[in-house]
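Structure record follows, encoded as structure tokens.
The values are calculated or read from the model by the stated rules, or taken from the named source; none is laboratory data. What you see is a predicted model; the values in this text were computed from it and never measured. Cβ coordinates were reconstructed from backbone atoms using ideal geometry, including for glycine residues, and neighbour counts include every protein chain displayed. Protein only, heavy atoms only, side chains kept; ligands, DNA and RNA dropped before computing areas. Shrake-Rupley method; radii C 1.70, N 1.55, O 1.52, S 1.80 Å.
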Amino acid sequence: RLLWRQGRGLAEMVFENAQDRESCWLVEEGDRQVHYERNEKVQNCGTFEIEKEDHTVANLLRQQLLTQQEVRFAAYQMPHPLEHRVLIRIQTKDSSHTPMDAMHRSLEAVREEFAQISTEFKGKVEQLKQDFSDPFQDDT
């Protein structure tokens, strides 16, 4: 339901049933953000349910999973646009590599990639600071 509220000479829209924005991304203390369920019907297959995440993380992990030789299938879905959770399904080629192993390797690879990006970014910022020092600063 949409309401109009008048105050201080301005009208503002108020959504009475709008979700609290923090509830979309903040994981409550004691809650598990990731759940894993093994698929009993398909061999070497399982589904990760990740709470408080969206397409950004899911697509990043899916892309990373598909770079691994031992991963046969990796896909994700968002059950509903208003639910802030994703399901990532992984199937590996054989039982020597489980979906859990594949997810761990993907998370580690993403972490390393972000660390490299962060290091390069900080280096470029420092280089720019040196290249463009304050021209009005007295160096004597």
(message) Among 77-85, 96-104, how do they line up by average Cβ neighbours within 10 Å per residue, starting with the highest?
(response) 96-104, 77-85
(message) Order 60-67, 86-93, 121-128, 41-48 from most to least packed using the mean count of other Cβ atoms within 10 Å.
(response) 86-93, 60-67, 41-48, 121-128
(request) Could you list which residues have their amide H under 5 Å from that of Ala75, counting only those 5 or more apart in sequence or on another chain, with H placed in the peptide plane? (result) Arg89
(message) In whole percent, and with a 1.4 Å probe on the protein chains, what portion of the accessible area of the stretch 21-128 is carbon and sulfur?
(response) 52 percent
(message) Skipping prolines and chain starts, which residues have an amide H placed within reach, meaning under 5 Å, of the one on Glu53, given they are 5 or more residues away or on another chain?
(response) Arg85, Val86
(request) Please calculate how many Å² of accessible area the stretch 21-128 carries per residue, with a 1.4 Å probe and no DNA, RNA or ligand atoms counted. (result) 71 Å²
(message) Give me the one-decimal nm value for the distance between modelled label points at Asp101 and Leu128, 7 Å along each residue's Cα-to-Cβ direction.
(response) 4.3 nm
(request) Work through the residues other than Ser106 whose Cβ is under 15 Å from its Cβ and net out their charges, Lys, Arg +1 and Asp, Glu -1. (result) -1
(message) Tell me the relative contact order for the stretch 21-128 as a rounded percent, counting alpha carbon contacts under 8 Å between residues six or more apart.
(response) 24 percent
(request) Report the paramagnetic label zone for Gln69: residues of the stretch 102-136 whose backbone N is under 20 Å from a point 7 Å from Cα along the Cα-to-Cβ axis. (result) 102-110
